[in-house]
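What follows draws every value from the coordinates through simple rules; no lab data is involved. Computed from a predicted structure; not experimentally measured. A quick note on method: Cβ atoms are made from the backbone with ideal geometry, for glycine too, and the neighbour counts reach across all protein chains shown.
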């Protein structure tokens, strides 16, 4: 499998910032041939950010129930919108490192329990209001409290206090140490919006501090933007205007790109990726990713409340066959936990689960069953090919005495009416920056997005220990045990991790691409540009 190399854009004033003619002339003066100089110039200029143009991006997400509440970011259209119109305190760069954004620096007490963030000065909201510590405090507190309905409530459960320390510092106190806490604040769950006088968060109109101003928002249809001329980061936000267009059908999304109706799309149909790559005027990009596709089971609902049944369901899956059939090899097999080899604490020694119908039948017998009938709810809104994956799962599991009925669900409303509502369904998870983030968000007891409703006291205890552990070896051992617990007791089936495959017009320029979330960390509107004509 080949991967496109993503060069980093050169800073203004470097050789690649020259005009094409000037670059060629300089190259010729060094003895390079005209043809070679032309090729070098085109490559260099492609990596040079320039301003201008209207970016139209087709995205396979969106629902009529979408809202701009940062506590209810249920799909990629919403996360990309928040990242376009405002900033987070920190950002994960294209190498996976944490870099400053609205916070220019941060430090912690030796036990990683109290964190202090220094705010960037001179930042203003789109309406001219200056950024203050009150805004950061309100943005964090929006997810806290007994009355909070935020999906990120578990991620901030350890916060005991958020307060200002002077005009440019915010201090966050935790109940226990958290070495990864600044990484959490890079998430799309924590965009910074303005505080009202009563301390609540004014997010409804999308007035942020980001590279773009929100000019329109139609739930499940589109979001439109115009460039913010007062954005504090002059090296970001290159398009004059942009729009995110919800096109959930991958065939329609692909046709829109082929005909020039859009300039880019996410979630390329993998069975047609090779043909799309051959078309003139289209670039297909592929990045190894932490994104994983899952089949969660509600562990508090029969028959999934019996771990023997859960084990049988896991053993009824042929992961390698599904990887090749559904992803056409664009990924790696999963092992029923969310940690891929891209994470620093991935346990490579944990035995890989394989398709074993005989062992699955043994587990069913331990549960007092000769066979079991299940309904698997799926939609391609969950992930590309989810319905086909469910049908393949049905065929594979039959040999184990597992009779799966696949129910195809509508794309619109899938995340509000099926996911978390049905006891067995298809789902996807983006590539969270750290192990703690995905474990806390999806598997901790009481987490808003704990879609298996799993409750394991040992896992929760290890989660708290690992979060505050500063010794890498000890932390790695804790995370290894957590991966094993999820694999052997959890309610999630993880068939594979999917490479991020997206496509753009060859007029679109970009630097190195992140594997933190899909499509360059969902920061593509801020990071990308149109190449000079």
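Against the globular-protein guess of 2.2 N^0.38 Å, express the Cα radius of gyration of the chain as a ratio, rounded to two decimals. Present the calculation step by step, with values, prior to reporting the outcome.
Numbers: Rg = 23.8 Å, N = 533, 2.2 N^0.38 = 23.9 Å.
So the Cα radius of gyration is 0.99 times the expected 2.2 N^0.38 Å.
Based on the Cα coordinates of the stretch 95-137, what is the per residue volume of their convex hull in Å³? Let's see the in-between values first.
Details: hull volume 4.3 nm³, N = 43.
In the stretch 95-137, the Cα convex hull volume per residue is 101 Å³.
Rounded if a/c is under 1.5, else prolate if a/b is larger than b/c, else oblate: which is the stretch 70-129, with a ≥ b ≥ c the root eigenvalues of its Cα gyration tensor? Mind showing how you got there, number by number?
On the way: a/c = 1.93, a/b = 1.34, b/c = 1.44.
Since a/c reaches 1.5 but b/c is at least a/b, the shape of the stretch 70-129 is classed as oblate.
Would you calculate the convex hull of the Cα atoms in the stretch 395-497 and tell me its volume per residue in Å³?
Values: hull volume 13.6 nm³, N = 103.
Once divided by residue count, the hull of the stretch 395-497 is 132 Å³.
Working from Cα positions, state the angle (0 to 90°, nearest 10) between the long axis of helix 34-46 and the longest principal axis of the chain.
The angle comes out near 60 degrees.
According to the square roots a ≥ b ≥ c of the eigenvalues of the Cα gyration tensor, what is the shape class of the stretch 41-111, taking rounded for a/c under 1.5, prolate for a/b larger than b/c otherwise, and oblate for the remainder? Walk me through the numbers on the way to the answer.
On the way: a/c = 2.49, a/b = 1.06, b/c = 2.35.
Note, shape of the stretch 41-111 comes out oblate.
In what sequence, highest mean first, do 217-224, 347-354 appear when ranked by Cβ atoms within 10 angstrom? Before the final figure, lay out the partial values.
On the way: 217-224: 18.6, 347-354: 13.1.
Top to bottom by mean Cβ count within 10 Å: 217-224, 347-354.
So for the stretch 115-246, what percent of the C-alpha to C-alpha distances run longer than 18 Å? Walk me through the numbers on the way to the answer.
Details: 5137 of 8646 pairs.
Of the Cα pairs, 59 percent sit more than 18 Å apart.
With Rg and the Kirkwood Rh both taken from Cα atoms, where does Rg over Rh land for the stretch 91-182? Could you put the intermediate results ahead of the total?
Numbers: Rg = 13.7 Å, Rh = 14.2 Å.
Rg divided by Rh gives 0.97.
From the Cα trace of the stretch 292-498, what convex hull volume per residue do you get, rounded to a whole Å³? Before the final figure, lay out the partial values.
Working: hull volume 22.2 nm³, N = 207.
Residue-normalised Cα hull volume stands at 107 Å³.
Using 7 Å Cα-to-Cβ label points, what is the residue 180/residue 457 separation (nm, one decimal)?
2.5 nm
Out of all DSSP beta bridges with both ends in the chain, state the antiparallel percent to the nearest 5. If you can, show how the numbers build up before the last one.
On the way: 53 of 69 bridges.
Within the chain, antiparallel bridges account for around 75 percent of the total.
Residue separation times 0.36 nm, minus the C-alpha to C-alpha distance between residue 157 and residue 321: what's the value?
On the way: separation 164, 0.36 × 164 = 59.04 nm, distance 4.01 nm.
The residue 157-residue 321 span can extend by a further 55.0 nm.
Kindly provide log₁₀ I(q)/I(0) values, in the same order as q = 0.10, 0.19 Å⁻¹, from the Debye equation applied to equal alpha-carbon scatterers of the stretch 441-533.
The Debye formula, applied to the Cα set alone, gives -0.46, -0.95.
Once you treat every alpha carbon in the stretch 213-362 as an equal point and sum by Debye, what is log10 I(q)/I(0) at q = 0.10, 0.19, 0.21 Å⁻¹?
For the stretch 213-362 at q = 0.10, 0.19, 0.21 Å⁻¹, log10 I(q)/I(0) is -0.61, -1.20, -1.30.
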